[in-house]
């Protein structure tokens, strides 16, 4: 349901609201009418007096409301003697190729909204009275709304005053609009105002209301998302745990193949390392250390190894014979270049050869 509230003159006082008229419309058409401020919480559309609003029609750009309003203000400034700064200009919905333009004093808008606010009313829209009538195919419609005569043409709308009406309509006197058609037009205008003066600085402020039902639904949705995310993480962790257990079982099986038959597998890494150490010896092992030593000896002609002793701590003791002392020094440096830590004993000369011992360890 929507209630049409017919505003008094702009110069009205708060006491004049007792004489204000209203009409309530619903799905069944006109439901009630009365005088004074209406009761209930139904949306209210205020109706501005026809003599307070000047109506014009023009082709305006439809790219944006700002462009349309700017063009309408230029037209209003050219057609009005009142400074444009004192006027409020509003643009309505297109009617064919033209759009209606409402021009009203800004002070009148301020007074109307102040009167309504004092009565606890915030109208959804403010419609000029002539715009309540349907647009005629030709000529003019006339009707009496809330005790006031109103005339509407295709590109005009004004209060019905004898001299003014005759001057505007000329040889086409207005046709009276029957009650059924008038009620239908009023109901349509109440549902979808063709021209709303509440634009720009007088636009209705939107109240932000919290939809608690929506908030609850969003909260439940967020909890569901968190629960699903947690479930996915738990499933992934379980999958990783099962995979780790399977990998550990395979490692134990492989370790068992590398250990002596019948040995219990407790720590595969440690047990394999111990067996490897036993197989190759301490340090780098006998084989690796001996191979490095022989490679160094081959690189120093005139030197030879006469004895080898591999100690439990991974050191290799060498008895070395060389043609001269300088070759023993060259062999020592060759061993150091190969990455070994070599230490020499005192070399002695006997029978035309130099002999001594070298102790070689991994660094």
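Check the stretch 30-48 and report whether any residue there is at pLDDT 90 or above and touching a helix residue (DSSP H, G or I) at 6+ places or on another chain (Cβ under 6 Å). Yes, because at least one residue in the stretch 30-48 is at pLDDT 90 or above and touching a helix residue (DSSP H, G or I) at 6+ places or on another chain (Cβ under 6 Å). Evaluation of residue 239 against the conditions (1) modelled with pLDDT under 90; (2) over 30 Å from residue 124 (Cβ atoms) shows that the sole unmet condition is (1). Listed conditions (1) touching a strand residue (DSSP E or B) at 6+ places or on another chain (Cβ under 6 Å); (2) in contact (Cβ under 8 Å) with a residue 24 or more places away in the chain; (3) surrounded by fewer than 20 Cβ atoms within 10 Å (Cβ to Cβ) are all met by residue 46, apart from (3).
It is to be established whether one or more residues within the stretch 58-71 are under 16 Å from residue 193 (Cβ atoms), touching a residue at least 24 places away in the same chain (Cβ under 8 Å) and more than 43 Å from the chain's Cα centre (by Cα). There is no residue in the stretch 58-71 that is under 16 Å from residue 193 (Cβ atoms), touching a residue at least 24 places away in the same chain (Cβ under 8 Å) and more than 43 Å from the chain's Cα centre (by Cα). Among the residues of the stretch 1-41, those identified as closer than 12 Å to residue 191 by Cα and surrounded by fewer than 16 Cβ atoms within 10 Å (Cβ to Cβ) are 1, 26, 27, 29.
Consider the stretch 271-282 and keep the residues that are more than 60 Å from the chain's Cα centre (by Cα) and modelled with pLDDT of 65 or more. The one that is surrounded by the fewest Cβ atoms within 10 Å (Cβ to Cβ) is 274.
Can you confirm whether residue 181 is in contact with a strand residue (DSSP E or B) (Cβ under 9 Å, 6 or more places away or on another chain), farther than 30 Å from residue 110 by Cα and either at pLDDT 90 or above or outside the structural domain of residue 53 (by TED's automatic domain parsing) (or both)? So residue 181 passes the test. Residues in the stretch 7-36 that are in contact (Cβ under 8 Å) with a residue 40 or more places away in the chain, in a loop (DSSP other than H, G, I, E, B) and touching a strand residue (DSSP E or B) at 6+ places or on another chain (Cβ under 8 Å): 7, 10. All of (1) modelled with pLDDT of 90 or more; (2) over 25 Å from residue 21 (Cα atoms) hold for residue 163 with one exception: (1). Within the stretch 201-237, being out of contact with any helix residue (DSSP H, G or I) (no Cβ under 7 Å at 6 or more places or on another chain) and under 30 Å from residue 70 (Cβ atoms) holds for 201, 203, 204, 205, 206, 207, 208. The set of residues from the stretch 337-363 being under 14 Å from residue 291 (Cα atoms) and either touching a strand residue (DSSP E or B) at 6+ places or on another chain (Cβ under 8 Å) or buried (at least 18 other Cβ atoms within 10 Å of the Cβ) (or both) comprises 339, 340, 360, 361, 362.
Could you please give the count of residues in the stretch 44-94 that are part of a strand (DSSP E or B) and under 26 Å from residue 168 (Cα atoms)? Of the residues in that region, 13 qualify.
The values are calculated or read from the model by the stated rules, or taken from the named source; none is laboratory data. If you're wondering where the values come from, they're calculated on a predicted model, not measured in any experiment. Reconstructed Cβ throughout: ideal geometry from the backbone, glycine too, with neighbour counts over all protein chains shown.
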